[in-house]
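Comments concern the structure below.
FYI, it's all coordinate maths here, none of it is from the lab. Predicted, not measured: the structure shown is a model, and the values here were computed from it. All Cβ positions, even for glycine, are placed from backbone atoms using ideal geometry, and neighbour counts span all protein chains on display.
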Amino acid sequence: MNINDQTSMIYPELSLNIIAREQHNISRKQISDNALKVLYRLHGAGFQAFLVGGGVRDLLLGGQPKDFDIATNATPEQIKGLFRNCRLIGRRFRLAHIMFGRDIIEVATFRGHHQETTKNVSQKSDAGLLLRDNVYGTIDQDAERRDFSINAMYYSIDDYSIHDYAGGIEDLEDRLVRLIGDPETRYREDPVRMLRAVRFAVKLDFDIEEDTAEPIEELAPLLRDIPAARLYEESLKMLQSGYGLETYHLMREYNLFQQLFPRVAEFFTEDYESPAEQMLDLALDSTDQRHDEGKRINPAFMFAAILWYPVKALADHFMQSRKMTEYDAIMEAGNVVLDEQVRSTAIPRRHTATIREIWQLQLRLPRRSGKRAFRLMELNKFRAGFDFLEMRGEIEQGETKELAEWWATFQNAGRNMRQAMVADLDDGGAKSPRRRRRPKKSKPKS
Ligand code: ATP
Ligand code: MG
């Protein structure tokens, strides 16, 4: 078999369908001024320039694209020559970022087939994973390298037509997420495509086409070879972009969530009712709501919630087997579980610090006597700790729920009422905090 046969097997001939300006509904008014500027500048310099990917897809669906990606036959160096506000980025594939203040337009040079190239520009691991991918090509090849048919449509700035290479228009009408080429090969090349299939299916309310869906469950463990930093970024896109709850459920059906959160998966049950699962539902639902309301979303809160009951279970084990105090056990279990989690999704250090604080607050919030309640409320992370306690209250009921209710009342109360609430606690708790302080331990006698 020669190289060309191999290429055509992996990348089946795509047939180009050109939809002229009067046959589609995308108008330049819907494209951001900055993206238009970049398209026109490239075109004016004699290069091909297309809007591609999510921008075209979402406009055709009548939605507002998150960002506008541009593809061109200009090389990164040539792009840099055209724009003063240009930065070249990326190791896996070199891209140009054109900066307009906070708005960044991403410009990629058409990618070619890795089979046709020498070793130093493209590399494939034994498992078929693409390691480096810096090969430039034609627009046809670029289309074949894209993941889904609905992501391989190009809007031409030359005549405002759409170039549909893989039947994307038809799949948009049928509402299908369909991989280009042989699904198993494409997943082995880049297992993150499995996550993307689920993400787009939920976000667009599409089905995953049958052949595209079929290999996922079995190939899901390939995600374990993906760098944890990339999976962290993907996990945020999956869980914090407004469709987290549904995305988690679909990820779980396809055995994908289990790869990103292996320890949490140990708590999965058939009826989705373990505390860990209830916490996932509550936390993701509230994240989706915050997203819809345009509120700030802190990844630390979500990861703290996802991992809490696994941490709790391990802490219980430490308390029994190592005779640790609850506080030490939670903190130690937290370290173990976080160390493990960052190996699959590289949660940045600033967030792991917050996660620990939220967990620690769960142990401090019950201790409210004297001046403690007032001091706790001044802590930076108090609000997060309290929101977290409320979710636990929903799940655990009993004392935890009462504690959450106490804090809810306390926060809304005036000064006098707050003092009365604390005094009430001190009466009920019998001893004042001062007298409860433990005497210093004397050195053990030898
Ligand atoms: P959105 O930005 O709304 O999440 P998108 O389709 O624009 O969706 P991006 O991650 O911005 O997704 O990628 C832009 C385009 O690059 C995609 O539409 C697709 O054509 C291509 N692409 C991205 N990731 C991959 C991948 N892993 N394999 C193949 N093609 C990809
Ligand atoms: Mg995009």
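With semi-axes defined as the square roots of five times the eigenvalues of the C-alpha gyration tensor, the equivalent ellipsoid of segment 245-370 measures 24, 19, 14 Å, largest first.
Extension gain, ARG41 to ALA229: 0.36 nm times the residue separation minus the Cα-Cα distance gives 64.3 nm. When shorter helices are ignored and each DSSP H run of at least 4 residues is given -39500 (n - 2.57), the per-residue value for the chain at 222 nm works out to -16000 deg cm²/dmol. What FRET efficiency do you get for ASP67 and ALA420 if R0 is 51 Å and r is their Cβ-Cβ distance, rounded to the nearest 0.05? Efficiency computed from Cβ-Cβ geometry: 0.45. If the Kirkwood radius is taken over C-alpha pairs of segment 293-427, then at 37 °C and 0.692 mPa s the Stokes-Einstein diffusion coefficient equals 206 µm²/s.
Subtract the Cα-Cα distance of ASP33 and TYR160 from 0.36 nm times their separation in residues, and report this length gain in nm to one decimal.
44.2 nm
Simple spin-label estimate for SER274 and GLU399 gives 2.4 nm between the two label positions (7 Å along the Cα-to-Cβ direction from each Cα). In this label model, GLN289 and ARG91 are separated by 4.2 nm, measuring between points 7 Å along each Cα→Cβ vector.
Along its first, second and third principal axes, ordered by size, segment 352-417 spans 36, 26, 17 Å in Cα coordinates. From the largest down, the chain spans 82, 48, 43 angstrom on the principal axes of its Cα atoms. Lys/Arg Cβ at +1, Asp/Glu Cβ at -1, dipole of the chain taken about the Cα centre: which of PRO215, GLY63, GLY168 is farthest positive-ward? In the chain, that residue is GLY63.
What Kirkwood hydrodynamic radius do you get for segment 214-274 when you take the inverse of the mean 1/r over all pairs of distinct Cα atoms, in Å? One over the average 1/r among Cα pairs gives 12.2 Å for segment 214-274. Over what distance in Å are the Cα centres of segment 331-404 and segment 281-306 separated? One Cα centre to the other: 15 Å.
At an R0 of 45 angstrom, the distance between the Cβ atoms of LYS371 and GLU340 translates into a FRET efficiency of 0.75.
Taking 18 Å as the cut-off, the amide N atoms of segment 193-213 that come nearer than this to a point 7 Å along the Cα-to-beta-carbon line of GLU170 belong to 207-213.
Per residue, the average separation of C-alpha pairs within less than 8 Å and at least 6 apart gives segment 293-427 a relative contact order of 21 percent.
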